[in-house]
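Peer 1: Before I ask anything, let me first share the structure, which is written out below as structure tokens.
Coordinate-derived values only; no laboratory data. What you are looking at is a predicted structure, and each value in this text was computed from that prediction instead of being measured. Every residue, glycine among them, receives a Cβ derived from its backbone with ideal geometry; neighbour counts consider all protein chains shown.
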Amino acid sequence: MTDSWDTIADWYAGLLRAGSALNDFNRDVLLGLLPDVLDGCRVLDLGCGEGIIARAAAARGALVTGIDSSPRMIEHARSAASPGPGSQVYAVDDGCVLGTVATGSLDWVTAGLSLNNLPDLDAALSAVRRVLIPRGLLAFTVPHPCFEAPHATWTRTDADGQVRRVVGDYRAEGFWRSDDPEGVRRAGNQHRTLSTYLAALIRRGFSLETVTEPWPSDRVAAAQPRRAGLPPFLAVRARRD
Ligand SMILES: C[S@@+](CC[C@H](N)C(=O)[O-])C[C@H]1O[C@@H](n2cnc3c(N)ncnc32)[C@H](O)[C@@H]1O
């Protein structure tokens, strides 16, 4: 069977519920792009998965709608929805269309590690622009494009015996699937270069407010020492012009 996000949803939910250092770090990086208090803010979490970002935003008081194309992910998100102070509702939807979301209805869109799964980035950013209010904000993370390109690997160097990242096929934009049976990219994902992400934002009418490459937290570095010197994510906050 070829894996998809729906077929690995139970595995992914189990991974996060067990306390994945990398995914907790991603949540904290993304939430770090938002205000500490979100009382009454209307937030769409695009590609919400099992709801890790949506729950955190709701805990700050946001009124969160989480959408995901995987029905099984949405089942997990609904079953884990936490009570107040904000709220969470979830729906199956395609992030390239956002057909369930009304035009101009949102203050924020968050997208944690999801834009890199969408086949059409321009369509997704157009949809995000449509659902945001004027001057609304998009905050997202993607696996760092420079270090998580197709077929990136690790190698021990002859010179000093250190394990270092081999970049892989950075130029090979498009769909690729990892053959690692334990890896999240066995469901497939879309590689894009760093400039492709930033240029698409500008083209679709967003102004960049923040671009960061956060260093791994101590917890991530302890769990995955080889990653200690590399930013695992690219994090961006952009405002709808
Ligand atoms: C790596 S998971 C991230 C989930 C969650 N944001 C998190 O931080 O754990 C990527 C998510 O994107 C979703 N996804 C993939 N393609 C999508 C699409 N076209 N529209 C909406 N969601 C999509 C997947 O189902 C999956 O839940």
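Peer 1: Need a quick list: strands (runs of 3 or more DSSP E) entirely within segment 146-232 having at least 1 residues that are of a type outside the set (Lys, Arg) and touching a residue at least 60 places away in the same chain (Cβ under 8 Å).
Peer 2: Per the criteria, 153-156, 163-166, 189-191, 206-212.
Peer 1: What about Val236, is it assigned to a helix (DSSP H, G or I), touching a Phe, Trp or Tyr at 6+ places or on another chain (Cβ under 6 Å) and under 24 Å from Ala21 (Cβ atoms)?
Peer 2: no
Peer 1: Identify, please: which residue in segment 76-96 is touching a residue at least 40 places away in the same chain (Cβ under 8 Å) and within 16 Å of Ser4 (Cβ to Cβ) and is, among those, surrounded by the fewest Cβ atoms within 10 Å (Cβ to Cβ)? Working first, answer last.
Peer 2: Initial filter on segment 76-96 (touching a residue at least 40 places away in the same chain (Cβ under 8 Å)): 76, 80, 85-86, 90, 95.
Filter once more, so that each one left must be within 16 Å of Ser4 (Cβ to Cβ): 76, 95.
Working: His76: 22, Gly95: 24.
Going through the qualifying residues, I end up with His76.
Peer 1: Please go through segment 95-141 and pick out each residue that is assigned to a loop (DSSP other than H, G, I, E, B), within 13 Å of the ligand (Cβ to nearest atom) and more than 24 Å from Pro214 (Cα to Cα).
Peer 2: Gly95, Cys96, Val97, Leu98, Gly99, Thr100, Val101, Pro119, Asp120 - these are the residues of segment 95-141 that are assigned to a loop (DSSP other than H, G, I, E, B), within 13 Å of the ligand (Cβ to nearest atom) and more than 24 Å from Pro214 (Cα to Cα).
Peer 1: Moving on. For the structure I just gave you, tell me whether Gly183 is on the phi > 0 side of the Ramachandran plot and small (Gly, Ala, Ser).
Peer 2: no
Peer 1: Continuing with the same structure: Within segment 187-215, how many residues are touching a Lys or Arg at 6+ places or on another chain (Cβ under 9 Å) and within 16 Å of the ligand (Cβ to nearest atom)?
Peer 2: 4
Peer 1: Right, next: Of the residues Arg72, Arg42, which single one is surrounded by fewer than 23 Cβ atoms within 10 Å (Cβ to Cβ) and within 11 Å of the ligand (Cβ to nearest atom)? Steps first, answer last, please.
Peer 2: Details: Arg42 fails: within 11 Å of the ligand (Cβ to nearest atom).
When all the criteria are applied, what remains is Arg72.
Peer 1: In addition: Residues of segment 45-69 being surrounded by 20 or more Cβ atoms within 10 Å (Cβ to Cβ) and in a strand (DSSP E or B), which ones?
Peer 2: Asp45, Leu46, Val64, Thr65, Gly66, Ile67, Asp68
Peer 1: Got a number for residues in segment 1-39 being in contact with a strand residue (DSSP E or B) (Cβ under 7 Å, 6 or more places away or on another chain) and either of a type in the set (S, T, N, Q) or within 11 Å of the ligand (Cβ to nearest atom) (or both)?
Peer 2: Number of matching residues: 4.
Peer 1: Kindly indicate which of Arg156, Arg135 is surrounded by fewer than 21 Cβ atoms within 10 Å (Cβ to Cβ), of a type in the set (D, E, K, R) and under 26 Å from Gly229 (Cβ atoms).
Peer 2: On the way: Arg135 fails: under 26 Å from Gly229 (Cβ atoms).
None of the other options fit; the residue is Arg156.
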